[in-house]
Amino acid sequence: MASSTLRLSSSSSCSRKIDAAIHFPRLPKVIPYFSVPKIPTRKLDEELKIRDRFTSIVPVEKINVITTAPIDDKIATTKLYTILEAVADRVEMHANMGKQRENWNTLLLNSINMITLTAATMAGAAAIGGAGMPLLALKLSSTLLYSAATGMLLVMNKIQPSQLAEEQRNGTRLFKQLQTQIQTMLALGNPTEEDVKEVMKKVLAVDKAYPLPLLGAMLDKFPAKFEPSVWWPSNQQLQKKNNSSEGKQRAEKKNGWSEEMEVEMREIIEVVKTKDIEDYERLGNLVLKINKILAIAGPLLTGIAAVGSAFVGNGSWAAVVAVAAGALGSAVSAFEHGSQVGMVFEMYRNCAGFFRLLQESIEATFEERDLEKRENGELFEMNVALKLGRSLSQLRELARKSASSRMDGTAIDEFASKLF
């Protein structure tokens, strides 16, 4: 009896343990609080019809253009930043080279003048009372110094350090101007590949107009004829339209342009060609001739002085020739390089090039027949007035004077530019 009671109690305890292990508390339902949307299902033929309809509305070629256009803009912007870094480096190089070559002019001029005057003093001392070995020493020293001065003058007249310095100053100014143009282009945004090609052409044109090296690339300092400097691309392709579309657009003012403004600009071109460019070409040829004469006369005089100093003691005229020729040679070199005649010649070349560029830019604008593709007329007129140092009213008055003088058959007595 006791054994049967023990079995029942053990079995009941086991059953309770099993119930505690199997039965879990029920969690609250979350279905009323959250609803999962049903995913719509389409058949394969319906999906293909929708895709065909989308590609018929938006072609694949247009999608490719839309996706690749920003990439092309980024590439053009990156290229412009690369060119901007190169231009900034060129500004620094031209500025440093300009200072260096200006120092060349000062140091060489002072050295040559000191050598020449010392040689003339030695030749005079030898003629006064030298005899024997002292006379030979003075004659030899004077001859060697005159010969050294002649050689240095030949080199200095060949390279024209003052003109070299002016070239580098012009190169620095033009590259700074180009640097500002690129920065403005980047600030406005959306540069194109055509902008990159145009900027590259401008950089190479300035490099060619004002080279940095001396050997192999130095500009001819004594050309046969005066020629203006050219620092802009000369192979620009100008778009030309038919004259039939021009007559339809001239009836009314369009894009700031009118027939009166074009007549005004053509009169300005005539004044620039007949007065400013012609005057600078005349002055440039005159300075070129003077510089050639001085470049030959300086070494020639010091060479004569060297020969005369070798014969000092054999006659009174040898000493006179040695001293007088040396003094004249020193005066000629001081006038040529102290007055910086080469720099003046380069300045005239640059000024004539400025007016030539202004003339070509106005003519290129007129060759574009589509007025909408031109630069705005009022902005273009203001730009021309600023380049000539005039106000808009003064520019229009100059055009009226030019027209009236041509009608009367007389030459206008006024230059286009008031700056230089």
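Structural remarks
- Positive contributions from Lys and Arg (+1) and negative ones from Asp and Glu (-1), summed over other residues with Cβ under 15 Å from the Cβ of A411, come out at -3.
- Note on the range 114-163: Cα convex hull, mean projected area over all directions, 3.4 nm².
- Size of electric dipole in the range 348-420: Cβ of Lys, Arg +1 and of Asp, Glu -1, about Cα centre, debye, nearest 20: 300
- Taking 0.36 nm per residue of separation and subtracting the Cα-Cα distance, full extension of the segment from I128 to K176 would add 11.3 nm.
- Excluding same-chain neighbours fewer than eight residues apart, the aspartates and glutamates reachable from K221 by a Cα-Cα span under 19 Å are E102, E166, E167, D207, E281, E336, E346.
- Portion, in percent, of the accessible area of the range 88-151 that falls on carbon or sulfur, probe 1.4 Å: 69
- Whole-number D in µm²/s for the range 160-230 (Stokes-Einstein; Kirkwood sum over Cα pairs; 25 °C, 0.890 mPa s): 176
- Accessible surface, the range 299-411, averaged per residue in Å² (probe 1.4 Å): 46
- Between the range 109-176 and the range 217-231, the Cα center-to-center distance that results, in Å: 27
- Vicinal HN-Hα couplings computed from phi for the range 147-159 (Karplus, 6.51 cos²θ - 1.76 cosθ + 1.60; Hz; Gly/Pro x): 5, 5, 5, 5, x, 5, 5, 4, 5, 5, 5, 6, 8
- The range 330-420 - convex hull of the alpha-carbon atoms, volume per residue in Å³: 138
- Here the ratio of the Cα radius of gyration of the range 270-336 to 2.2 N^0.38 Å is 1.74.
The values are calculated or read from the model by the stated rules, or taken from the named source; none is laboratory data. Predicted model, so just to flag it, every value in this text is computed and none were measured. All Cβ positions, glycine included, derive from the backbone under ideal geometry; neighbour counts span all protein chains shown. The accessibility values were calculated without ligands, DNA or RNA, using every heavy atom of the protein model including side chains. Shrake-Rupley method; radii C 1.70, N 1.55, O 1.52, S 1.80 Å.
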